[in-house]
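Only one structure is covered here, and it is reproduced in the block below.
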Amino acid sequence: MSQTRVIFSDATTAEAANVLKNCGFLESNQGGLYTSPNTPIKAYIAWGRSNYYPKILAQLDFTPRIQIHLKCREDGPELAALTADAASSLRGSSPGTRVCVYNADALEEIAC
């Protein structure tokens, strides 16, 4: 069963791309898709208010600039570790950056 984690942030697209690249991902020729030869996880950067998860967007107390979708066929330690690393890196990218992480399959908040 595939698993999806979504990171919502008011960071910029460039900051999100740098975070993914620092996590070992490479940008593919398909816009917004990042892959890594070392992990089965695919990462996508989307516009902040994209309507992929409207119930989650309604719960946020800020307007996100970006969403990072992390998708994997299985829910394992790699997905959890990458999600935590990416969220932490976004928070550290510039002072005051807002970040919220959700399990998109369960529509549950993991961390804000």
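By the rule of a second cysteine Cβ within less than 4.7 angstrom, the chain holds isolated cysteines at C23, C72.
Proximity of backbone amide H atoms, modeled 1.01 Å from N, is registered between G48 and I66, Q67 at under 5 Å, excluding neighbours fewer than 5 places apart on the same chain. Around the Cα centre of the stretch 3-111, unit charges on the Cβ atoms of Lys, Arg, Asp and Glu (plus for the first two, minus for the last two) sum to a dipole of about 260 debye.
Its residues counted as N, the stretch 3-111 yields a C-alpha radius of gyration over 2.2 N^0.38 Å of 0.96.
With θ taken as phi - 60° and the Karplus curve 6.51 cos²θ - 1.76 cosθ + 1.60 applied, the whole-hertz 3J(HN,Hα) list for the stretch 24-35 is x, 8, 10, 6, 8, 6, 8, x, x, 9, 10, 10 Hz, x standing for glycine and proline.
Here the sum of -39500 (n - 2.57) over DSSP H runs of 4 or more residues, divided by the residues of the chain, equals -9000 deg cm²/dmol at 222 nm, to the nearest 500.
Every number in this text was worked out from the coordinates using simple rules, so none of it is lab data. Predicted model, so just to flag it, every value in this text is computed and none were measured. In this analysis, Cβ positions are derived from the backbone assuming ideal geometry, glycine residues included, and neighbour counts consider all displayed protein chains.
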